[in-house]
1. Do the conditions hold for Ile316, that is, is it open to solvent by less than 40 Å² (accessible area, probe 1.4 Å) and either in contact with a strand residue (DSSP E or B) (Cβ under 9 Å, 6 or more places away or on another chain) or β-branched (Val, Ile, Thr) (or both)?
2. Identify all residues within segment 156-177 that are open to solvent by less than 20 Å² (accessible area, probe 1.4 Å), within 13 Å of the chain's Cα centre (by Cα) and not hydroxyl-bearing (Ser, Thr, Tyr); write none if there are none.
3. Before we move on, is Leu32 open to solvent by 10 Å² or more (accessible area, probe 1.4 Å), part of a helix (DSSP H, G or I), of a type outside the set (Asp, Glu) and closer than 27 Å to Asn265 by Cα?
4. For segment 191-223, give me the residue count where each residue is of a type in the set (Ser, Thr, Tyr) and more than 19 Å from Gly108 (Cα to Cα).
5. Considering only residues that are over 25 Å from Ala45 (Cβ atoms), of a type outside the set (A, V, I, L, M) and in contact (Cβ under 8 Å) with a residue 40 or more places away in the chain, which ones fall in segment 154-186?
6. Determine whether Ala250 is surrounded by fewer than 14 Cβ atoms within 10 Å (Cβ to Cβ), in a helix (DSSP H, G or I) and at negative phi.
7. Mind listing just one residue for me: the one in segment 265-282 that is in a helix (DSSP H, G or I) and open to solvent by less than 20 Å² (accessible area, probe 1.4 Å) and, of those, nearest to Thr351 (Cα to Cα)?
8. Residue pairs, Cβ under 6 Å, 6 or more apart or interchain, first in segment 257-272 and at pLDDT below 80, second of a type in the set (Ser, Thr, Tyr) and surrounded by 21 or more Cβ atoms within 10 Å (Cβ to Cβ). List them.
Amino acid sequence: MTNIAAGAQAQATPEEQRRLKRAKKAALAAFLGGALEYYDFFIYATAASLVFSKIFFPAGDPTVALIASFATFGVAYVARPFGAVVFGHLGDKIGRKNTLVLTLVLMGSATFLIGALPDFSLAGYWAPALLVVLRLLQGLSAGAETAGASALSTEEAPEGRRGFFASFAMSGISAGIVLASLAFLPVAAMSEADRLAWGWRIPFWLSLVVLIVAYLVRRSLEEPEVFEEKHDHGELVKLPFAKMFQTHPAQFFQVALMSFETVTNTFMQSFGLAYAVSVGVPASTMLWVSILGNVLAVASQPLMARWSDSLGRRPIFIGGVLGSGAMIFVYFWVISTGNIPMIFLTSTLITAGT
């Protein structure tokens, strides 16, 4: 098999080898960027489930505080479509590379500042207000990242392998969730007093490490050739979003509705964790559940994407949507029983299998 692959690569023309090298670099940048963005995005989900309801809101009914904590988590999903539109517009105007670097800096800065926020006992209602503002910035950046990284890796991908190369943006998201869960394992093991006083801040500050690595990779990217050609010939559209709406309105709404499938992952990472803790499943156990499923997803997503290149996007996507839609009900039912092996099994089937 190695000899066959080597022979195929040797037969490739210098131009094909150059394009393949660019495609691999774009896929790596998409993977690392996705890992950073969604490490940041999902440490918030974990903190909202375990910590924020106790430190950013006035003392009182813990259920109300938890709902308020998840409300701050949810505002990012309101901001994500706007992030995709605004930064997608910038990507078509100033280039993919510059826009993706900007989204990294925005997410990294917002996440670090969340870790530095005063709690309710020190700042009063300013604490949740500032938390919401920074969460909105995270949402803008996350929406921009998914759209921009997928566009970049698709544009650079060789013909017939677009699904495979674009999948590394999604694999990066799974890797980011793994990193977020790992970062919170020692925090979950702390005493509650230490966790609420300072321990929860550490995962937010650690995002600077991933930010530096991803930033260095992205700064070395080249713009996709299709963008450079349009730029050199003065063919860039003044209002890309308006042009897209004019030429592909049905496809826009189609893709927007298809994107609701990602809600399954959110339910598992945030509400699933909070629900499991409320019925007596240890938080550390649920973090390991998340780690296992997403480690496998890092590998399974490119595999599914390769199949989509040969079998077509529609059957792979429909199969994944139907599978995750059915299994999410099973997942929450299994959590209610406290059956740890079955929680691991159902989580893995949803995360890695669909």
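1. On the way: open to solvent by less than 40 Å² (accessible area, probe 1.4 Å): no; either in contact with a strand residue (DSSP E or B) (Cβ under 9 Å, 6 or more places away or on another chain) or β-branched (Val, Ile, Thr) (or both): yes.
For Ile316, the condition - open to solvent by less than 40 Å² (accessible area, probe 1.4 Å) and either in contact with a strand residue (DSSP E or B) (Cβ under 9 Å, 6 or more places away or on another chain) or β-branched (Val, Ile, Thr) (or both) - is not met.
2. Ala169, Gly172, Ala175, Gly176, Ile177
3. The answer is yes for Leu32.
4. 1
5. To start, the set of residues in segment 154-186 that are over 25 Å from Ala45 (Cβ atoms) comprises 154-165.
From what is left, the residues that are of a type outside the set (A, V, I, L, M) are 154-156, 158-165.
Scanning segment 154-186 gives Glu155, Glu156, Pro158, Gly160, Arg161, Arg162, Gly163, Phe164, Phe165.
6. Here the answer is yes, as Ala250 does meet what is asked.
7. It comes out as Met268.
8. Ser270/Ser49
The values are calculated or read from the model by the stated rules, or taken from the named source; none is laboratory data. None of the values given here were measured: they were computed from a predicted structure. Every residue, glycine as well, gets a Cβ built from its backbone with ideal geometry; the counts of neighbours run over all protein chains shown. Just the protein is used for accessible areas: all its heavy atoms, side chains included, with ligands, DNA and RNA removed. Shrake-Rupley method; radii C 1.70, N 1.55, O 1.52, S 1.80 Å.
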